[in-house]
Amino acid sequence: MPFDWNRYATLADEWKESQRQELLRCSISRAYYAFYNSIRIKKGIPTKKQPHKIVIEKLSENNDPEEIELAKLLKDLQEIREIADYDGVQEIDGRYTERFFTRLTAARELCLEILP
């Protein structure tokens, strides 16, 4: 049975209000992967070398303005997630997670409009 990536989104929602740095970072990371994998699967992109880059490129390649906007939002989310996952100096606080989740909400809404 395939993994339900929405389970990551559920964890992210539970952790995003935390005051604990590790849970805020995990919240961003899990929310990103839940969203990214939903797009990857809808676009039929397998998990192989550089899948994040491939998903963003696939969204941009047909010159559809809405898919290009979704690609930009996904790239922005990826950059925020990379800071949460890899940068041990940058403090992740409520403002930072709010920035991420505001963009994620916009990306989810756009995704529902354009991807079946």
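Taken over the range 70-88, residues that are out of contact with any helix residue (DSSP H, G or I) (no Cβ under 8 Å at 6 or more places or on another chain) and either of a type in the set (Lys, Arg) or in a loop (DSSP other than H, G, I, E, B) (or both) amount to 3. In the range 57-107, the residue that is nearest to the chain's Cα centre (by Cα) out of those that are at pLDDT below 95 and of a type in the set (Lys, Arg) is 99. Among residues of the range 5-19 that are in contact (Cβ under 8 Å) with a residue 24 or more places away in the chain, those with a Cβ under 7 angstrom from a residue that is β-branched (Val, Ile, Thr) and part of a helix (DSSP H, G or I), sequence gap 6+ or separate chain, pair up as 16/97.
Just to verify a result, which residue in the range 73-116, among those that are among the charged types (D, E, K, R) and under 16 Å from residue 52 (Cα atoms), is surrounded by the fewest Cβ atoms within 10 Å (Cβ to Cβ)?
79
Per-residue answers, yes or no, for (1) charged (D, E, K, R); (2) in a helix (DSSP H, G or I); (3) touching a Ser or Thr at 6+ places or on another chain (Cβ under 9 Å):
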position	(1), (2), (3)
60	no, yes, no
68	no, yes, yes
90	no, no, no
96	no, yes, no
104	no, yes, no
109	yes, yes, no
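When 83, 92, 56, 68 are checked against the criterion of being of a type in the set (Val, Ile, Thr) and in contact (Cβ under 8 Å) with a residue 24 or more places away in the chain, 92 stands alone in meeting it. Filtered by the rule that a residue be in a helix (DSSP H, G or I) and exposed (fewer than 14 other Cβ atoms within 10 Å of the Cβ), the range 14-37 gives 14, 21, 22. For the range 38-55, enumerate the residues that are surrounded by 11 or more Cβ atoms within 10 Å (Cβ to Cβ), over 15 Å from residue 72 (Cβ atoms) and not polar (S, T, N, Q). Selection gives 40, 41, 42, 43, 45, 51, 54.
The values are calculated or read from the model by the stated rules, or taken from the named source; none is laboratory data. Please read all numbers here as calculations on a predicted model, not as lab measurements. Cβ sites come from the backbone with ideal geometry, for glycine too, and all protein chains shown count toward neighbours.
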